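Undergrad: Below you'll find the structure I mean.
The values are calculated or read from the model by the stated rules, or taken from the named source; none is laboratory data. Every value quoted in this text rests on a predicted model; they were computed, and no experiment measured them. So basically every Cβ, Gly included, is an ideal-geometry build from the backbone, and we count neighbours across all protein chains shown. Keep in mind that these areas ignore ligands, DNA and RNA; they rest on the heavy atoms of the full protein, side chains included. Shrake-Rupley method; radii C 1.70, N 1.55, O 1.52, S 1.80 Å.
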Amino acid sequence: MQTIQGKVVVITGASSGLGEATARLLAAKDAKVVLGARRADRINALAADIKIQGGEAIAKVTDVTKLAEVQALVDLAVKTYGRLDVIINNAGLMPSSLLSLLKVEDWERMIDVNLKGVLYGIAAALPIMQTQKSGHIINVSSVSGHKVSPGTAVYAATKHAVRVISEGLRQEVTPFNIRTTILSPGAVATELPDSVTDGPTAQGIKEFYKIAIPAESFARMVAFAIEQPEDVNVNEILFRPTAQEY
Ligand SMILES: NC(=O)c1ccc[n+]([C@@H]2O[C@H](COP(=O)([O-])OP(=O)(O)OC[C@H]3O[C@@H](n4cnc5c(N)ncnc54)[C@H](OP(=O)(O)O)[C@@H]3O)[C@@H](O)[C@H]2O)c1
């Protein structure tokens with residue numbers, strides 16, 4: 001097994017939910033975590049809390065829809081810690097609704113954050129990892145990267161795209177000793193359902209999320225993928241609450 005100790009890990013969307021839980025777990029395993037999200041108060045408080053617990057963390061306000069800001073986050077990691085071992089392209093939102101409601105702004109936000117944000121993370125990290133001849137790119141997809149149902153078309157499209165991009169990336173980076181992992185969760189208890197803007201859809205999702213499992217479940221999957229020996233590439237982890245049928 002590899003150790004997480006000392007690894008420099010950039011996490012986007014670290015201000016809540018899966019990103020926050022992952023930052024806490026990896027920092028407890030002595031990773032150096034570099035936290036990005038738009039809410040400064042949340043990431044600064046998280047970094048401070050991790051340090052109080054004896055961990056190592058820095059935070060930088062980052063909007064993943066802006067390539068320059070994602071690049072600045074990655075550059076801060078390298079400037080501060082001298083290298084980049086892992087990037088977790090986790091920032092995302094899920095304002096689901098029926099296509100017939102024509103919530104075009106929500107469609108665009110999902111494409112900008114869930115899809116282009118992941119590409120920007122790859123763009124920022126890849127040259128550094130290629131030069132290092134090592135690294136690990138973890139992209140967050142979803143059960144919705146495998147399935148679609150009424151109301152989830154655009155969200156599922158972004159999450160399918162994340163899987164396709166990750167698989168293409170995997171094939172391209174094998175000469176550079178770079179690992180790639182797709183993490184595809186089912187219902188996990190986070191702030192994600194709050195991003196739904198359509199009332200009836202929000203109600204349905206709230207009902208569905210009654211079976212949601214804690215965010216630490218996701219963090220453990222991330223740790224599992226990182227901890228494998230360097231010649232083992234965990235390409236995808238798909239997991240759900242035991243009670244989830246969909
Ligand atoms: N929870 C689930 O059931 C579930 C299932 C499958 C997949 N996922 C995926 O898991 C990922 C994390 O979501 P979550 O469940 O942890 O939800 P969450 O608690 O709402 O967290 C979403 C994170 O994304 C960040 N974010 C949103 N827009 C951003 C932007 N433009 N730039 C930078 N950061 C941005 C938010 O930070 P700021 O608002 O501070 O920027 C927040 O930290 C998402 O990609 C989601 O699609 C979640």
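Undergrad: Dipole of the chain (Lys/Arg Cβ +1, Asp/Glu Cβ -1, origin at the Cα centre): which of THR22, ILE178, ALA202 lies farthest to the positive side?
TA: In the chain, that residue is ILE178.
Undergrad: Using the heavy atoms of the protein chains alone and a 1.4 angstrom probe, what is the accessible area of region 138-212 per residue in square angstrom?
TA: Working: 3210 Å² over 75 residues.
Counting only protein heavy atoms, the per-residue value for region 138-212 is 43 Å².
Undergrad: So, one more: Take the Cβ-Cβ distance between ILE211 and VAL148 as r, set R0 to 22 Å, and report the resulting FRET efficiency rounded to the nearest 0.05.
TA: Numbers: r = 20 Å, r/R0 = 0.91.
The calculated FRET efficiency here is 0.65.
Undergrad: OK, next. As a test of the formula, what do you get for the chain when each DSSP H run with n ≥ 4 contributes -39,500 (n - 2.57) and the sum is divided by the residue count, at 222 nm and rounded to the nearest 500 deg cm²/dmol? Could you put the intermediate results ahead of the total?
TA: Details: 8 runs with 106 residues, N = 246.
Helices in the chain give a 222 nm mean residue ellipticity of -13500 deg cm²/dmol.
Undergrad: Quick one: which of LYS103/LYS159; LYS51/LYS116; LYS51/LYS133; LYS29/LYS66; LYS79/LYS133; LYS116/LYS210 span more than 21 angstrom between C-alpha atoms? It would help to have the intermediate numbers written out before the result.
TA: On the way: LYS103/LYS159 18 Å; LYS51/LYS116 31 Å; LYS51/LYS133 30 Å; LYS29/LYS66 30 Å; LYS79/LYS133 18 Å; LYS116/LYS210 30 Å.
Exceeds cut-off: LYS51/LYS116; LYS51/LYS133; LYS29/LYS66; LYS116/LYS210.
Undergrad: Can you pull the accessible area of HIS146 for me, 1.4 Å probe, Å² to the nearest 10?
TA: For HIS146, the solvent-accessible surface is approximately 70 Å².
Undergrad: While we're looking at this one, here's another question. So what's the Cα pair-distance distribution over the chain, bin width 5 Å, in %?
TA: Bin by bin from 0 Å, the calculated values are 1, 7, 14, 19, 21, 17, 11, 6, 3, 1, 0.
Undergrad: LYS51 to ARG220: FRET efficiency via 1/(1 + (r/R0)^6), r the Cβ-Cβ distance, R0 30 Å, to the nearest 0.05? Before the final figure, lay out the partial values.
TA: Numbers: r = 23 Å, r/R0 = 0.75.
The calculated FRET efficiency here is 0.85.
Undergrad: Let me ask something else. Could you list the residues of region 143-167 with an amide nitrogen less than 16 Å from a label point located 7 Å from the Cα of ILE111 in the Cα-to-C-beta direction?
TA: Residues 153-162 fall inside that zone.
Undergrad: Next up: If you roll a 1.4 angstrom probe over the protein chains with everything in place, what fraction of the accessible area of the chain belongs to carbon and sulfur, to the nearest %?
TA: 56
Undergrad: A follow-up question, please. Mind checking the per residue accessible area of region 1-132 for me, 1.4 Å probe, whole number of Å²? All intermediate terms of the calculation are to be shown ahead of the outcome.
TA: Values: 5750 Å² over 132 residues.
About 44 Å² of surface per residue is accessible.
Undergrad: Turning to a different aspect of this structure: Arrange the peptides 188-197, 6-15, 23-32 so that the one whose residues have, on average, the most other Cβ atoms within 10 Å appears first. Please report the intermediate quantities before stating the final value.
TA: Values: 188-197: 18.4, 6-15: 25.8, 23-32: 21.7.
My ranking of the peptides, most packed first, is 6-15, 23-32, 188-197.
Undergrad: Something else: Run the numbers for LEU238 and GLN5: contour at 0.36 nm per residue of separation, minus the present Cα-Cα distance, in nm.
TA: Details: separation 233, 0.36 × 233 = 83.88 nm, distance 2.53 nm.
Computed gain between LEU238 and GLN5 is 81.3 nm.
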